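First comes the structure, then the notes that go with it.
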Amino acid sequence: MAIHQPDLLPYSGFWFKMATSDVFVVAVHDQFQKHGYQRRVTMREAWCSHRLVGKPSLVPIDDVEVAEGWQQHLCDVIRGRYTGARHWRDRGGELLERISACTGTTLDEVNLSMIRAVRDLLGIGTELVVTAPPRQAGIDRLIEQVATVGGTEYVSGAGGAAYLGADADERFADHGITLRWSAHVPASPDSIVTVLMDHDDPMDVVRRTA
């Protein structure tokens, strides 16, 4: 299984973790990060951001409200940056239709709605799960969530090494869980939208490893 916050149309590494897991936990209860990827992502190496209500700080992601009209805002940005892309004509219209049909008012609802839409567009069948608010913190928080869904192996992004610690493998193993590091090699740090619009086989990019 894998765990990740509900980011805005995230880059290919997010989808690699989803595609190589049986269960994908969406961590909607994590703290909102003002400069994180829950509210923004790069498209064509320039930021695309949600317009939020107020100035949320130090609150869970599911307490953050997205301004009305977010579907049209995102569609306008995508159309402006990808109209000339290799696969715009055969995929662009469907992607915009799917985003336009998405619903939600809070940041977790909005992003999760689009994550489901793109998951289906990519043909990924992994189950998405939202667990109850975790009681633990740090690495214990991850172990708690893995155990909650009966996971036996946890897939962590390469960046996880920076905060999980040198003893992470042993701490997971103490709970009967194998820790596996993602070997994904992204074609770009851009949104999955870039992969969909530029590459003949998006899933080949998503599954790419070293």
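The values are calculated or read from the model by the stated rules, or taken from the named source; none is laboratory data. These numbers were taken from a predicted model, which means no experiment stands behind them. Positions of Cβ are generated from backbone atoms using ideal geometry, with glycine treated the same way; all protein chains shown enter the neighbour counts. In case anyone asks, the SASA skips ligands and DNA or RNA and just uses the protein heavy atoms, side chains included. Shrake-Rupley method; radii C 1.70, N 1.55, O 1.52, S 1.80 Å.
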For L107, net neighbour charge (Lys/Arg +1, Asp/Glu -1) across residues whose Cβ lies under 13 Å away: -3
Accessible area per residue in Å² at 1.4 Å probe, computed on the chain: 48
Heavy-atom accessible area ranking, 1.4 Å probe, most first, across M18, M203: M203, M18
Gyration tensor over alpha-carbon atoms, the stretch 64-210, equivalent ellipsoid semi-axes in Å: 33, 20, 13
Listed residue (P133, G54, A85) projecting farthest to the positive dipole end of the stretch 54-210, Cβ model: A85
Heavy-atom accessible area ranking, 1.4 Å probe, most first, across D22, D167, D200, D190: D22, D200, D167, D190
Förster radius 30 Å - calculated FRET efficiency between S57 and A101 (Cβ-Cβ, nearest 0.05): 0.45
The chain - percent of accessible surface contributed by carbon and sulfur, probe 1.4 Å: 47
Tail fraction, Cα-Cα pairs, the stretch 1-123, threshold 26 Å, whole percent: 18
Candidates V59, V28, V146, ranked by Gaussian network fluctuation over the chain, Cα under 10 Å, top entry: V59
Solvent-accessible area of L122 with every protein chain in place, 1.4 Å probe, in Å² to the nearest 10: 20
For E153, distant residues with modelled amide H under 5 Å away: T178
Distance-filtered residues of the stretch 23-43 - backbone nitrogen under 11 Å, label point 7 angstrom along R141 Cα→Cβ: 27-33
